Every structure is written in C-alpha cells, then in structure tokens.
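Reading through the structure tokens given below for one structure.
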Number of protein chains: 2
Amino acid sequence: MSEYIEPIERLAEQFRRLPGVGKKSAVRMAFAVLDLPEEDAKSFSDAILEAKRSVRLCSVCGNMTDGDVCAVCRDEDRDRSVICVVEDSRDVIALERVREYNGLYHVLGGVISPLAGVAPSDLTIDMLLRRVSDGTVKEVIIATNPTVEGETTAMYISKLLSPLGIKTSRLAYGIPVGGDLEYADEVTLNRAIEGRREM
Amino acid sequence: MSEYIEPIERLAEQFRRLPGVGKKSAVRMAFAVLDLPEEDAKSFSDAILEAKRSVRLCSVCGNMTDGDVCAVCRDEDRDRSVICVVEDSRDVIALERVREYNGLYHVLGGVISPLAGVAPSDLTIDMLLRRVSDGTVKEVIIATNPTVEGETTAMYISKLLSPLGIKTSRLAYGIPVGGDLEYADEVTLNRAIEGRREM
C-alpha cells in the first residue's frame, strides 16, 4: 500500500535511482516537479531525452561528446604525443579542471573486473592500441583509479604497450595535499614513502 | 565557459531546480541519467510528464488526486462531520501517516501572505465555506503550520466559521515528543506552558 497517489509514487521511484537520493528526498523532488509550471516540467522531461539522445562517445578517444569527435581531440593546440588513459569521461573533466595537462585522453569506459564480468574486450583497449600504432604517441600516462581493478587494468595496458616501445607512466600516489598524515590509511602512507622524492 | 558539454550542462541545470540539489549533485545526477539504459531514461522522462499531466486537485477538498475526487473524500468510512484544514497535500499525507484522524480534509493550497501576494481569494476558502454550509460538518480543525502566515490564515478562517455555529479548533502547540526542554525555543515553551493539561 503506497502513501502517495500512483503518478507521484512512480516519479519518486525514478528520482530514487539517482545517486545520493533516498526515499524522502525522492518524494520531495517529485512534489517539486508538480509545483513547476507545465512548461518547465516539459523542459525537464525533454532535457533527459535530449541528453540521452545527443551524448555519444568520441570516435577517437571514447570521451563523451555531442558531436562525432570530442573537443579535446579536435583541439589543434594539444600535444598529440601524450595520451592519458582514464576510466571515465568524468575523469577527463577532473583532469581538465587542473589546466596543467595538455595532451590527449583515452577513455576506457570502465576497468577490467572479472567479478563484474568486465573483460578487456569490453573496454576501448583495442582502440587505444590502434591509436598508438602510428608512432606519433611517445608516452601513455595511465590514470585509472587506485583501486584493485584500476591497478589491474593499468598493469594490463602497460604490458600491452611496453613491446611497442612506448613509455608508460602512472599517476603518483601519496598523501593528498591538505591531508593529514594522522588520518591517511596505511596503504596510502606506504605508497607515499615508496614514492618519496629528494628535496 | 562550461566544463561539461551542452546536453549534460542543460540536464544538470534541471536537476539543480530540485530541493536540496547543489551543483555537484546535479552533475552526478545528469551522469547517472546518461548511464541509464535508453528505455529507463525514457521512463524517467515520461514519469515527469505523466505526473504533471495526471495529478490534479480533488474537486471536493483540493487534495492532490489522479482522479476527480481524492481517496479520502471517496472513502465511505470517513467521519463526514469533521474537516481538518491544511495548507498543502503533503500535510494530508503526514496526518494520514498517524492513522488516528478519521475525518475529511480541506487543502487550502497555501496560506494568506500579503508579502508573497497571496490573498484569501487565492486559496480554497470559498470552497470550504460551501462545504460546511449544508450542516453535516460539526467541527473544523485548523492545522495550518505554526508560522505567522499559518496563524493569520487560521484566525481568518475561524472568524468566517464562528457565525455559522461550527466548532473550530487548532492543533495543540508544545514540546515535540522526544524533544528537549533545554533546546526548545521560547515561543514554543511559552505555548507549552499556556496549553498545559491537568494530569
């Protein structure tokens, strides 16, 4: 037996699928939609369909784009000798925010995970190998997340690239800036010691 | 200059309109929608339009319903001699959750608020007066929120009803159950003392 009438219940259920939305928030959101003018509710509904319809993967690097090739790959000023390999388009955005890196990207679309049934062939690894085959690319920076799956994927890609004479590197591990030694977990601390640099 | 591509930015903007959703959450939600299968994104979009289209106000009490008359008004077992007046349909749901009250409701659709430009004629007060005019209703419980506007509205309605010989009452004020005297504000505490009951 539901507390709310059917259409509200159904809409709240949709909001509950979103990250960080519990039952109460979902209901509040559903009511907020009902409070919107007809026109605005229509725009909301359309924005969902439109995003889903128009966002596709860049045919070169697998990044999200609304065209055929993404903005980074189109940019003539980018250094085409370096490719940074990430799991997800969101990682591209995070790295772009830093305004430090000027190379290209390659979005894997996930990580190798036997438990979740993700095999190397489910990722864009083949595409990456084709990209590096013409000799333009000198270095591949592997920036998968520091998780077991991320590490495995990094290792896997690095093993495929090394026979091709391409330099592969991995993002540095360590204490985050502004972090506190006291609260850093042991693995991170261990990596920070291993990766220490001369001053 | 936006960090995200247009369709994602537009969708995130829509999510930002919802209560409790900031910029970061909105973007996470937009990406979550992109991760949904085509089919599910369509259902999401449809649920918004459908809720907006099918939810209307009960022609008797002003409560939200997907039919012509709401479930409470349709229910034959309800005590038709008592009407509880609330601001909003959400208040009906809150009161129904208690499973104590067995009368009918009347949803005002807001409160009198000169500042926000809401006059008595913008509310369903006329409808309430027509409902109580046939003599079936013996008591009207005014359950507007304990805010300045809620109080004003309660007072206004009570003044209209008293010449008709209908008993009007107001929900009790006091310390919430499980609350702490130490943290109760002075107005609430004052009302709790005023409304004290013999044991």
## Note on the structure
The FRET efficiency for residue B:180 and residue A:119, from their Cβ-Cβ distance with R0 = 45 Å and rounded to 0.05, is 0.20
### Mean Cβ count within 10 Å, highest first, over the residues of peptides B:161-171, A:119-129
A:119-129, B:161-171
### Max mean-square fluctuation residue, GNM over chain A, Cα-Cα springs under 10 Å, options A:109, A:179, A:150
A:179
### Task
With a 1.4 Å probe and every protein chain left in place, tell me how much accessible area residue B:15 has, in Å² to the nearest 10.
0
### Summary
In Å², rounded to a whole number, the accessible area per residue of chain B with probe 1.4 Å is 59
### Query
How many Å³ per residue does the convex hull of the Cα positions in the stretch B:1-89 occupy?
146
### Query
Can you list the HN-Hα couplings for the stretch B:6-11, worked out from phi with the Karplus curve (6.51, -1.76, 1.60; θ = phi - 60°), rounded to whole Hz and with x for Gly and Pro?
2, x, 6, 4, 5, 5
### Query
Shielding of A:17-30 by partners, i.e. mean partner chain Cβ atoms within 10 Å per residue?
5
### Task
Order these peptides, A:37-50, A:90-103, by their mean beta-carbon neighbour count within 10 angstrom, highest first.
A:37-50, A:90-103
#### Entry: Shielding by other protein chains, A:64-75, mean Cβ within 10 Å
1
### Task
Using amide H atoms built 1.01 Å from N in the peptide plane, name the residues 5+ places from residue A:169, or on other chains, whose amide H lies under 5 Å from its own.
A:140, A:141, A:142
### Query
residue A:97 label points, 7 Å along Cα→Cβ, one per copy: pairwise distances from this copy to the rest in nm, shortest first?
3.4
### Query
If one computes the Cα centroid of the stretch B:83-159 and of the stretch A:37-72, what distance in Å separates the two points?
44
### Query
How large is ³J(HN,Hα) for each residue in the stretch A:172-181, as worked out from phi by the Karplus curve 6.51 cos²θ - 1.76 cosθ + 1.60 (θ = phi - 60°), to whole Hz, x for Gly and Pro?
6, 9, x, 6, x, 4, x, x, 10, 3
### Query
Near the amide H of residue A:106, under 5 Å away, which other amide H atoms are found, from residues 5 or more places off or on another chain, if H is placed in the peptide plane?
A:84, A:85, A:86
### Message
Give the average, rounded to an integer, of partner chain Cβ atoms located within 10 angstrom of each Cβ in A:52-61.
### Response
3
### Task
Quick one: grab the alpha carbon gyration tensor of the stretch A:97-152, order the square roots of its eigenvalues as a ≥ b ≥ c, and give me rounded if a/c is under 1.5, else prolate or oblate depending on whether a/b is larger than b/c.
oblate
### Message
Taking a ≥ b ≥ c as the square roots of the Cα gyration tensor eigenvalues, with a/c under 1.5 meaning rounded and otherwise prolate when a/b beats b/c, else oblate, which class fits the stretch B:6-54?
### Response
oblate
### Query
In degrees between 0 and 90, to the nearest 10, how far off the longest principal axis of chain B does helix B:38-54 point, with axes built from Cα atoms?
30
### Task
With the Cα gyration tensor of the protein assembly as shown in hand, convert its eigenvalues to equivalent ellipsoid semi-axes via √(5λ) and list them largest first in whole Å.
59, 25, 18
### the stretch A:67-198 shape via C-alpha gyration tensor axes, a/c threshold 1.5
prolate
### Task
Give a residue-ordered list of calculated ³J(HN,Hα) values for the stretch A:108-113 (Karplus: 6.51 cos²θ - 1.76 cosθ + 1.60, θ = phi - 60°; whole Hz; x for Gly, Pro).
6, x, x, 9, 5, 8
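The values are calculated or read from the model by the stated rules, or taken from the named source; none is laboratory data. A quick note: this is a predicted structure, and the numbers were derived from the prediction, not measured. Note: ideal-geometry Cβ built from the backbone for every residue, glycine included; neighbour counts use all protein chains shown. These area figures cover heavy atoms from the full protein model, side chains too; ligands, DNA and RNA do not enter into them. Shrake-Rupley method; radii C 1.70, N 1.55, O 1.52, S 1.80 Å.
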